[in-house]
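To keep things clear, I will list the structure first and then write my remarks on it.
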Amino acid sequence: MSEKKNPNVLIAEDVESNFLYLKAVLSKLHANVFWAKNGIEAVDICDKVGNIDLVFMDLQMPEMNGYEATKIIKKKYPDIPVVAQTAFAMSDDREKALNAGCDDYLAKPIKSKDLLYIAEKFLKH
């Protein structure tokens, strides 16, 4: 019986303190965490790593926002789950995120139990 590998999780987040918080929470899952500071880096990491299991996508980032990055990632890698995260929890954000291809949505501030619930939901293939 083979051991389950540690999941590869990409966090696309331009604010370092937010990234460090998410990474600390995800350490409970023994995830290999990758950090993209904008949408362009998020797409590059998905291309270079090649086996990302889950993406947490900040929607408001410089250079390329999370909506655009999600569309590109989902077009290339339709099986990678993408979870939108945003501090701007306007009523239409959730709908816009889901329309861009996101599989789920978390509003900031993100509670650790919510983050773990969502991560476990998508990592249980």
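Coordinate-derived values only; no laboratory data. Everything numeric here is computed off the predicted structure, so don't read it as measured data. Reconstructed Cβ throughout: ideal geometry from the backbone, glycine too, with neighbour counts over all protein chains shown.
Loosely packed, with under 12 Cβ neighbours inside 10 Å and either touching a helix residue (DSSP H, G or I) at 6+ places or on another chain (Cβ under 7 Å) or within 16 Å of residue 53 (Cα to Cα) (or both) - does that describe any residue in segment 96-104? Reasoning before the result, please.
Keep residues of segment 96-104 that are loosely packed, with under 12 Cβ neighbours inside 10 Å, which gives none.
Checking segment 96-104: not a single residue is loosely packed, with under 12 Cβ neighbours inside 10 Å and either touching a helix residue (DSSP H, G or I) at 6+ places or on another chain (Cβ under 7 Å) or within 16 Å of residue 53 (Cα to Cα) (or both).
Pull out all pairs, ordered by first then second residue, where Cβ-Cβ is under 7 Å, the residues are six or more apart or on different chains, the first lies in segment 94-111 and is without any contact (Cβ under 8 Å) to a residue 60 or more places away in the chain, and the second is part of a loop (DSSP other than H, G, I, E, B) and aliphatic (A, V, I, L, M).
From segment 94-111, the pairs are 97/59; 107/89.
Of these, 81, 62, which one is under 13 Å from the mean Cα position of the chain (by Cα) and touching a residue at least 12 places away in the same chain (Cβ under 8 Å)? It would help to see each step written out before you state the result.
On the way: 62 fails: under 13 Å from the mean Cα position of the chain (by Cα).
Of 81, 62, the one residue that is under 13 Å from the mean Cα position of the chain (by Cα) and touching a residue at least 12 places away in the same chain (Cβ under 8 Å) is 81.
Looking only at segment 4-36, filter to residues that are of a type outside the set (A, V, I, L, M, F, W, C), closer than 18 Å to residue 106 by Cα and assigned to a loop (DSSP other than H, G, I, E, B); which one of those is nearest to the chain's Cα centre (by Cα)?
Taking the candidates together, the pick is 13.
Does any residue of segment 47-60 turn out to be assigned to a loop (DSSP other than H, G, I, E, B) and among the small types (Gly, Ala, Ser)?
First, pick out the residues of segment 47-60 that are assigned to a loop (DSSP other than H, G, I, E, B): 50-53, 59-60.
With among the small types (Gly, Ala, Ser) added as a condition, the list becomes 50.
Yes, that holds for at least one residue.
Which members of segment 15-55 meet the condition of being touching a residue at least 60 places away in the same chain (Cβ under 8 Å) and closer than 21 Å to residue 77 by Cα?
Correct list: 31, 53, 54.
Scan 71, 76, 113 and give me the residue that is basic (Lys, Arg) and either surrounded by 13 or more Cβ atoms within 10 Å (Cβ to Cβ) or in contact with a His (Cβ under 7 Å, 6 or more places away or on another chain) (or both). Before the answer, list the steps.
Details: 76 fails: either surrounded by 13 or more Cβ atoms within 10 Å (Cβ to Cβ) or in contact with a His (Cβ under 7 Å, 6 or more places away or on another chain) (or both); 113 fails: either surrounded by 13 or more Cβ atoms within 10 Å (Cβ to Cβ) or in contact with a His (Cβ under 7 Å, 6 or more places away or on another chain) (or both).
The conditions single out 71.
Conditions first: (1) outside any strand (DSSP E or B); (2) out of contact with any helix residue (DSSP H, G or I) (no Cβ under 7 Å at 6 or more places or on another chain). Residue 85 passes all but one, so which condition is the exception?
Here residue 85 clears every test but (1).
Conditions (1) in contact with a helix residue (DSSP H, G or I) (Cβ under 6 Å, 6 or more places away or on another chain); (2) over 13 Å from residue 119 (Cα atoms); (3) surrounded by 18 or more Cβ atoms within 10 Å (Cβ to Cβ); (4) of a type in the set (A, V, I, L, M), marked per residue:
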{"site": "6", "(1), (2), (3), (4)": "no, no, no, no"}
{"site": "22", "(1), (2), (3), (4)": "no, no, yes, yes"}
{"site": "28", "(1), (2), (3), (4)": "no, no, no, no"}
{"site": "43", "(1), (2), (3), (4)": "yes, yes, yes, yes"}
{"site": "50", "(1), (2), (3), (4)": "no, yes, no, no"}
{"site": "55", "(1), (2), (3), (4)": "no, no, yes, yes"}
{"site": "58", "(1), (2), (3), (4)": "yes, yes, yes, no"}
{"site": "63", "(1), (2), (3), (4)": "yes, yes, no, no"}
